[in-house]
Amino acid sequence: MFPGWRIATPTTALDYIGLLNSAIVCNDPVVVFEHTELYQREFPVPRGSRDFCIPLKSARVVQSGTACTVLATSVMVERAIKAASEAGIDAEIIDLRSLDYHGMDWDTIGISIKKTNRVIIAEQTARRLSMGATWAAEIQERYFDFLDHEILRVTGGLAAPTVSRPLNEAALAGSKSIRDALERIAG
């Protein structure tokens, strides 16, 4: 979808610094998407090293679990944690961090899918703008024999995000959407 580009989406300030430093030394063009919700939060940052890097091809298992794998990006990581806790479902939550085809950490994703046999892809954006369909197709090709359930995609609606907060909340996916998917996949 984005030939030659690397795409990174940090979830914390630590991720942002590490991914941005990796982007600076990368020979490919890199886009780092910053979510505006993260601007008002405080996060720990690396101390003593201005060269702190997080490799662009490194997803992070944020929470281990066995009921299903939730592949989340940016602010949806925190919402997935909240949704799993509220639903009482032992979900393994993975922060993808790198979203381009060559940057996806298929090893980490595969290990989790082989353990849980169920996948939810959680993206906040409008459904037709999401990359989840591409990821679902790749998961089907790579891990079909390990899947016990259809891949569920959590996205916003068909409307694009706007500048109005109430309209944004109606258009974008949140923790309730993830909780509904978790209950469907685990039930």
| request: Give the residues of the stretch 65-94 that are under 9 Å from the mean Cα position of the chain (by Cα) and free of Cβ contacts under 8 Å to residues at least 40 places away in the same chain, sorted by residue number. | output: ILE93, ILE94
| said: I'd like to check something: does the stretch 52-63 contain any residue that is over 18 Å from the mean Cα position of the chain (by Cα), loosely packed, with under 14 Cβ neighbours inside 10 Å and either closer than 24 Å to ARG6 by Cβ or not acidic (Asp, Glu) (or both)? | reply: no
| request: Could you check, for the stretch 17-35, whether at least one of its residues is among the β-branched types (Val, Ile, Thr), closer than 20 Å to ILE94 by Cβ and either touching a Phe, Trp or Tyr at 6+ places or on another chain (Cβ under 8 Å) or not in a loop (DSSP other than H, G, I, E, B) (or both)? | output: yes
| Among VAL62, VAL45, which is the only one that is in contact with a helix residue (DSSP H, G or I) (Cβ under 9 Å, 6 or more places away or on another chain) and modelled with pLDDT of 95 or more? | VAL62
| field | Tally, over the stretch 109-143, of residues that are more than 16 Å from THR66 (Cβ to Cβ), β-branched (Val, Ile, Thr) and touching a strand residue (DSSP E or B) at 6+ places or on another chain (Cβ under 7 Å) | value | 2
| request: Taking only the stretch 1-30 into account, find how many residues are loosely packed, with under 15 Cβ neighbours inside 10 Å and under 16 Å from the mean Cα position of the chain (by Cα). | output: 0
| remark: The condition of being surrounded by 17 or more Cβ atoms within 10 Å (Cβ to Cβ) and within 21 Å of TRP106 (Cα to Cα) holds, among LEU38, LEU71, only for LEU71
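The values are calculated or read from the model by the stated rules, or taken from the named source; none is laboratory data. Please read these numbers as outputs of a predicted model, since none were measured by experiment. Using ideal geometry, Cβ is built from the backbone for each residue, glycine included, and neighbour counts are taken over all protein chains shown.
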